[in-house]
Amino acid sequence: MRTPPCLLSLTLDSAVHNLSNITDLSPLPDHILIELFLRTLRAGKLTERVLKLFIATGKDEVFSLIQALNIQVTVTPVLPTRALRPDLTSFMNEWRTIFSRFHLIIVKDPDLKEELKIPEGFNLDVYKKPDIDRVVGTSTSTIFSGYSCRYFGYLVSRKKYIISVDDDCYPAKDNKGILVDAVAQHITNLTTPATPFFFNTLYDPFTEGADFVRGYPFSLRSGVQCALSCGLWLNLADYDAPTQALKAEERNSRYVDAVLTVPARTLMPISGINIAFNREVIGPALLPSLRLGGEGKFRWETMEDIWSGMCVKVVCDHLGLGVKTGMPYVWRNDRGDAIASLRKEWEGVKLMEEVVPFFQSVRLSGEATTTEDCVAEVANVVKEQLGSKDPMFARAAKAMVDWVKLWKSVGYSTSSPGA
């Protein structure tokens, strides 16, 4: 006589068939989590979404099993390195427990003369100036200098999800003192729906412990695909140079355990310091195009990510995609002299007063059905409405068109450093 299955076994079998309705597996004990993973695999239910659900637990046992079974994870952290930081030893070691689980792309700023110092124990590709020249040509490689070197990583990666973190940021700790797994939180943000068409006052309704509030239309509760996740920073917030100079001693110590969807038709200053996105959906919209005349090597001396962010938000709104902001946090270290940077960035500060109303007015045609179409249309409007006001805008419009062409020719092909 066959022994009947125990209650735990029946519960696990039920969970396997209902994983589509589960949003968080982290409370499960390790041995039950591993057993659930194996049963899911045997049942042929390990879809991309379900795999992200297991990854989001942050459990080392899960990642060891994924690696042992050679299951491909569709995430690539992209780490830009600039002329101020050739030694990545402390940075990589701080992130080791998180980044060692993934394939990394490190892009060396073409202006950086020193050799990079990278500790062992990581699965990574390092792209240097000769690699960039080989892939895009010497005449094009100049657009990837400074902070814009990150965009080369976006271009050559073939993973579905890209996470990008500046090299002056370390993992943060939450209010309980627990290390924040920024990759897992970004993936959670990207793989759960966004709600841009009606604001939910109880934060992200797809987060554990939250839901849709009374009065939220049921017809909108399924949400839309989230294409961009914008994380935040502890310690040194991403202020502009005037604000940082005025509040030189101010540091952000507030860890707010919340994620919000940015409403449709609402712009935001998207910072490239700590972001993640779905490359397959909006990859071409994150682009290096606007470059200030006196652009420097500190974050507050640039505007490339702000301009790119407004472009991608317009594209997401047009295509009916969502953008989230809030967690995950990273710990951002102090760097630079804000007062010395004021002269360099003042051009960008004044620029925003003209750029924001422009992007608020942009409406794309029904013929723009892909991200590439949308970027091309935005570029045309920039050229027509802003190009005559300042040559900087004309150059930005041309760079946007060139980027779309480059993405079509390089962004879908296979390339590796030194190939």
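The values are calculated or read from the model by the stated rules, or taken from the named source; none is laboratory data. Please read all numbers here as calculations on a predicted model, not as lab measurements. Don't worry about glycine lacking a Cβ; one is built from the backbone with ideal geometry, like all the others, and counts go over all protein chains shown. Note: accessible area is taken over every heavy atom of the protein model, side chains too, but ligands, DNA and RNA are not part of it. Shrake-Rupley method; radii C 1.70, N 1.55, O 1.52, S 1.80 Å.
Restricting to segment 91-115, what's the tally of residues that are open to solvent by 60 Å² or more (accessible area, probe 1.4 Å) and not in a loop (DSSP other than H, G, I, E, B)?
We begin by selecting, within segment 91-115, every residue open to solvent by 60 Å² or more (accessible area, probe 1.4 Å); these are 93-94, 96-97, 111, 113-115.
In the following step, the residues that additionally are not in a loop (DSSP other than H, G, I, E, B) were identified as 93-94, 96-97.
Looking only at that region, the number is 4.
Taking segment 369-402 as the range and being in a loop (DSSP other than H, G, I, E, B) and over 24 Å from the mean Cα position of the chain (by Cα) as the test, the residues that pass are LEU386, GLY387, SER388, LYS389, ASP390. Pairing residues of segment 116-132 that are open to solvent by 50 Å² or more (accessible area, probe 1.4 Å) with residues that are in a loop (DSSP other than H, G, I, E, B), at Cβ distances under 7 Å and at least 6 apart in sequence or on separate chains, gives LYS117/PRO86; LYS117/LEU88; ILE118/LEU88; GLY121/SER100; LYS129/PRO110.
Inside segment 219-332, counting only helices (runs of 4 or more DSSP H) that do not spill past its ends, which hold 3 or more residues that are within 18 Å of the chain's Cα centre (by Cα)?
On the way: elements: 241-246, 279-282, 304-319.
In segment 219-332, 279-282, 304-319 are the helices (runs of 4 or more DSSP H) which contain 3 or more residues that are within 18 Å of the chain's Cα centre (by Cα).
State all residues of segment 173-203 that are without any contact (Cβ under 8 Å) to a residue 24 or more places away in the chain and either in a helix (DSSP H, G or I) or among the polar types (S, T, N, Q) (or both); if no residue qualifies, say none. The answer is THR201, and nothing else. Checked against the criterion of being touching a Phe, Trp or Tyr at 6+ places or on another chain (Cβ under 9 Å), aromatic (Phe, Trp, Tyr) and closer than 27 Å to LEU236 by Cβ, segment 153-166 has at least one qualifying residue.
Summed over segment 371-396, the residues that are at pLDDT 95 or above and open to solvent by less than 20 Å² (accessible area, probe 1.4 Å) give a count of 6.
I'd like to check something: does segment 279-288 contain any residue that is open to solvent by less than 10 Å² (accessible area, probe 1.4 Å), at pLDDT below 90, in contact with a helix residue (DSSP H, G or I) (Cβ under 8 Å, 6 or more places away or on another chain) and not hydrophobic (A, V, I, L, M, F, W, C)? No. Filtering segment 61-89 to residues that are out of contact with any helix residue (DSSP H, G or I) (no Cβ under 8 Å at 6 or more places or on another chain) and modelled with pLDDT of 70 or more leaves SER64, ALA68, PRO86, ASP87, LEU88, THR89.
Pairing residues of segment 278-299 that are more than 22 Å from HIS186 (Cα to Cα) with residues that are modelled with pLDDT of 90 or more, at Cβ distances under 6 Å and at least 6 apart in sequence or on separate chains, gives PRO288/TYR151; SER289/ALA396; SER289/ALA399; SER289/MET400; LEU290/TRP307; LEU290/ALA396.
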